[in-house]
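**Student:** So that we are looking at the same thing, I have put the structure below in structure tokens.
Any read-out appearing in this document is the output of simple, stated calculations on the displayed coordinates, not a laboratory observation. Note that the structure is a prediction, hence the values are computed from the model and not measured. Ideal geometry is used to build each Cβ from the backbone, glycine not excepted, and the neighbour counts take in all protein chains shown.
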Amino acid sequence: MPKTPDYFVGKSVIITGAASGIGKAAALIFAREGANVVCADLNENGAKKTADIVNAHAGKAFAVRTDVTSRAQVNEMVRRAIGTFGTIEFAFNSAGAALRRSKFLDIDDDLFDDTFALNVKGTFYCMQAILPHMLQNGRGVIVNMASMAHRRGGPGSSVHYAAAKGAVVAMTLGVAREFADAGIRCLSISPGPIRTPFQAAAATSPELMQRFLEDVPMKRFGEPEEIGELVLFMCSDACNFMTADTVYVNGGGGWR
Ligand SMILES: NC(=O)c1ccc[n+]([C@@H]2O[C@H](COP(=O)([O-])OP(=O)(O)OC[C@H]3O[C@@H](n4cnc5c(N)ncnc54)[C@H](O)[C@@H]3O)[C@@H](O)[C@H]2O)c1
């Protein structure tokens with residue numbers, strides 16, 4: 001929660017991946033606080049549904065179909081966001097996926113490249129698009145979505161994904177430190193397994209799902225709202241001295 005009541009009222013956030021899961025949960029949490037939300041996603045219908053719910057709250061929202069692997073589409077989305085809301089204070093880059101589970105020796109160039117295009121370049125394009133605006137305003141917070149996978153390495157199923165999320169953690173660190181004295185904070189979140197359509201999208205096997213669950217000392221998956229509330233805290237004035245780090249949210253472990 002913010003230190004100042006109504007801190008988010010009238011402020012604006014861009015959320016990628018806002019059609020589903022963690023991005024959608026974060027959009028509704030920012031809306032609860034009275035923020036304006038740009039709901040960007042490849043899934044235009046899903047993004048519109050999220051925007052409709054936000055518009056039923058105190059904040060305003062609009063949906064924009066955006067493929068974050070396209071620099072041109074990301075630039076256009078950010079241009080529209082600034083044009084509509086005037087100032088963008090926060091960006092939450094949640095769009096991402098493991099795409100497909102694969103043993104290391106079976107990872108082909110397409111899977112590797114697509115995973116990096118979505119998780120790494122997508123995050124890179126979004127940060128490059130919004131940072132000049134934030135620098136001009138002398139303030140801004142960017143939260144990037146990493147994964148605990150980068151600490152585990154994804155053996156047997158997701159080395160390509162773990163490596164991509166490791167790159168997100170490193171990029172976050174670099175951007176945070178490069179702009180730390182310019183009013184910009186940049187953080188990443190490294191969740192354990194969260195109950196969203198993510199695993200279905202990656203066609204995670206029931207056996208792997210069970211192993212993920214057994215690895216969590218709390219013996220449950222996290223809820224998307226449990227990440228969304230952290231995004232809100234990170235963007236708030238209660239979190240002003242925190243930048244560069246990744247925060248693990250994983251029910252107590254899952255390091256096997
Ligand atoms: N769910 C988990 O267990 C988990 C764990 C760790 C990290 N994460 C990360 O959290 C983030 C959100 O995942 P989620 O669990 O909410 O999954 P999700 O599948 O519910 O949501 C992902 C969203 O990203 C969108 N998306 C996919 N490709 C896109 C593209 N090219 N351009 C724009 N949008 C695109 C999808 O349409 C979807 O709405 C991802 O970066 C994921 O890697 C998830």
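**Student:** Out of Ala56, Pro193, Pro155, whose Cα points farthest toward the positive end of the dipole of segment 12-249 (charges: +1 Lys, Arg; -1 Asp, Glu; placed on Cβ)?
**Tutor:** Ala56
**Student:** Moving on to the next point. So if I place +1 on the C-beta of Lys and Arg and -1 on the C-beta of Asp and Glu, and nothing else carries charge, what would the dipole magnitude of the chain be about its Cα centre? I want it in debye, nearest 20.
**Tutor:** That gives a dipole near 200 debye.
**Student:** Let's test the formula: R0 of 41 Å, r as the Cβ-Cβ distance of Arg79 and Leu105. What FRET efficiency results, to the nearest 0.05? Each step should come with its number before you reach the end.
**Tutor:** Numbers: r = 43 Å, r/R0 = 1.05.
For Arg79 and Leu105, the calculated efficiency is 0.45.
**Student:** Taking the Cα centroid of segment 135-159 and of segment 172-235, what is the distance between the two, rounded to the nearest whole Å?
**Tutor:** 8 Å
**Student:** In whole angstrom, how long is each semi-axis of the equivalent ellipsoid of segment 1-76, when you take the square root of 5 times every eigenvalue of its Cα gyration tensor and sort them from largest down?
**Tutor:** In descending order, the three semi-axes are 22, 13, 10 Å.
**Student:** Next question, about the same structure. Between Phe233 and Glu214, what is the spin-label point distance in nm, taking each point 7 Å from the Cα along the Cα→C-beta axis?
**Tutor:** Here the answer is 3.1 nm between the modelled labels.
**Student:** Let me ask something else about it. Ranking Thr172, Thr4 by Cβ neighbours within 10 Å, fewest first, what do you get? Working shown, then result.
**Tutor:** Numbers: Thr172 26, Thr4 11.
Ascending number of Cβ neighbours within 10 Å: Thr4, Thr172.
**Student:** Which value in deg cm²/dmol, rounded to the nearest 500, describes the helix-derived mean residue ellipticity at 222 nm for the chain, given -39,500 (n - 2.57) per DSSP H run of n ≥ 4 and division by the residue count?
**Tutor:** Working: 10 runs with 113 residues, N = 256.
Taken over the chain, the calculation gives -13500 deg cm²/dmol.
**Student:** Shifting gears a bit: For q values of 0.07, 0.12, 0.14, 0.16 Å⁻¹, compute log₁₀ I(q)/I(0) with the Debye formula on a Cα-only model of segment 12-249, without solvent.
**Tutor:** Computed log10 I(q)/I(0) values: -0.20, -0.61, -0.85, -1.11.
**Student:** Separate question: Identify the residues of segment 45-81 with backbone N under 20 Å of a label point that sits 7 angstrom from the Cα of Gln128 along the Cα-to-Cβ direction, or state none.
**Tutor:** So the set is 66-81.
**Student:** Check every DSSP H run in the chain and write down those whose alpha carbon atoms cover 27 angstrom or more along the long axis and whose mean Kyte-Doolittle hydropathy is 0.0 or greater. Before the final figure, lay out the partial values.
**Tutor:** Working: long enough: 159-178 (28 Å, 0.77).
Helices meeting the span and hydropathy rule in the chain are 159-178.
**Student:** Let me ask another. If you only keep lysine pairs separated by 8 or more in sequence, or across chains, how many in the chain come under 13 Å at the Cα atoms? Each step should come with its number before you reach the end.
**Tutor:** On the way: Lys11/Lys60; Lys24/Lys48; Lys24/Lys49; Lys48/Lys60; Lys121/Lys165.
Within the chain, the lysine pair count is 5.
**Student:** A follow-up question, please. For segment 50-98, report the translational diffusion coefficient in µm²/s to the nearest whole number, using Stokes-Einstein at 4 °C, 1.567 mPa s, and a Kirkwood Rh over Cα pairs. Present the calculation step by step, with values, prior to reporting the outcome.
**Tutor:** Working: Rh = 12.2 Å.
For the chosen part, D equals 106 µm²/s.
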